[in-house]
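The values are calculated or read from the model by the stated rules, or taken from the named source; none is laboratory data. The structure presented is a predicted model; accordingly, all values stated were derived computationally and were not measured. Neighbour counts run over all protein chains shown; Cβ positions are idealised from the backbone, glycine included.
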Amino acid sequence: MRLACLADGPVLPADKKPHKFNEMKRIFLGIESSCDDTSAAVVTEDAQILSNVVVGQVELHASFGGVVPEIAARAHAEKLDVAVKAALEQAEVSLADLSGIAVTAGPGLIGGVIRGVTLAHGLSAGSGLPLIGVNHLAGHALTPRLTHGVEFPYLMLLVSGGHCQLLIVRGPDNFQRLGGTIDDAPGEAFDKSARLLGLQQPGGPAVEEAAKGGDAKRFDFPRPLLDKPGCNMSFSGLKTALRRERDNLVEAKGGLTVSDRQDLCAGFQAAVADVLVEKTRRALEIFGADHAGTLTVAVAGGVAANSEIRSGLLDMASEFGAEFVAPPLALCTDNAAMIAWAGIELDRIGHAGLQPLFARPRWPLDASQPSLLGSGKKGAKA
Ligand code: KG4
Ligand code: ZN
């Protein structure tokens, strides 16, 4: 007996495939497992999210102070098929109703990415559905088209726990990177700062909450790289500055009061917001110089949940007369709906089956730009 493989085409006989949707419009299953969320979703070409199941792993990693790759990979292995089944059930479709499968093929924690890609290969081989490997960052960057129907080109600030990039998004596979972080991502800086202050993980929401009652001006936090031209950013020095202020307080008083913590959080958050807003302003100037008509600036990634950062970006965009788009929070953080949607966008321009699909720990969106974070045997990091 021969095993079905991709090249054999559909395994189900044609008369068993009702194809409820796929003759009318594309409908894709998306699979995401690149960090600590196991997710599966079903999305249609006309931007309906029929399901978006996200199984988080926060409690599995909580006692380690960060995501442990091997624990994440095992949890994905346990939950991926469950998430896919739930996503199909919630969407009230079967594999036979789909037009394709999109899976995050990188960049990310390689154990998790391999689990997702392996499952997607199996589903594709068993169903004959075309398979598209999606860059996780492209999934985030294309989200404003899913949620707001934004037209190309637009400026995207992608800010998450692992990434920070300013991109001109010109097409589903066409990204121009204007700048990015040269060290920590902003979410990573929030998480590390929260840890320094004994706040819970993920650190971003905890720092934002503590900052509410704080005085942002009490401590003099730096605005790294604002004195340098261009759109590159740096956040690791900010976390070090916070550690220094914390140590000074502990040495002077033997500990931190509630208001010390609030002031440190408020000062840190204001510094991150200032850097992100100013660098996005510069990127908008560059984008505007070769683009006639209304400019759109969009934000995505978990840090986009931060209301001080959102409102700073909104104010800056309105000074420019630019439109500001912020997808709903559930679609800013990691999810498979964005991967399904990116698959649909790539399928429209003929990507299905174009490249061999394999898991990639590193996968820069704009390969024409030099690496910001160095490179190694596995290629440029970002
Ligand atoms: O995009 P995401 O869900 O996962 C990836 O990193 O890919 O982003 C998670 C990051 C974490 O570092 C978390 O601390 C940060 O987003 N975050 C926030 C807020 N909510 C989540 N950072 C600042 N303020 C927030 N309200
Ligand atoms: Zn992400």
Legend entry - Val299 being of a type in the set (Val, Ile, Thr), touching a His at 6+ places or on another chain (Cβ under 9 Å) and within 30 Å of Leu88 (Cα to Cα): no
Inset, instruction - Report whether or not Asp36 is modelled with pLDDT of 50 or more, within 16 Å of ligand 1 (Cβ to nearest atom) and among the charged types (D, E, K, R). - result: yes
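Table: residues versus (1) surrounded by fewer than 18 Cβ atoms within 10 Å (Cβ to Cβ); (2) in contact with a Cys (Cβ under 9 Å, 6 or more places away or on another chain).
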| position | (1), (2) |
| --- | --- |
| Leu238 | no, no |
| Glu245 | no, no |
| Leu256 | yes, no |
| Arg261 | no, no |
| Gly267 | no, no |
| Ala271 | no, no |
| Lys279 | no, yes |
| Phe287 | no, no |
| Gly293 | yes, no |
Inset, instruction - May I ask you to verify whether Val250 is surrounded by 19 or more Cβ atoms within 10 Å (Cβ to Cβ) and either part of a helix (DSSP H, G or I) or away from ligand 1 (no atom under 12 Å from the Cβ) (or both)? - result: no
Legend entry - All helices (runs of 4 or more DSSP H) inside segment 256-347 with 2 or more residues being at pLDDT 95 or above: 258-289, 307-320
Inset, instruction - Any chance you could count how many residues in segment 123-161 are under 16 Å from Ala102 (Cβ atoms) and of a type outside the set (Ser, Thr, Tyr)? - result: 19
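Identify, from the list Ala189, Ala138, Ala194, Ala185, the residue that is away from ligand 1 (no atom under 11 Å from the Cβ), in contact (Cβ under 8 Å) with a residue 12 or more places away in the chain and within 28 Å of Leu226 (Cα to Cα).
Criteria check complete, one pass: Ala138.
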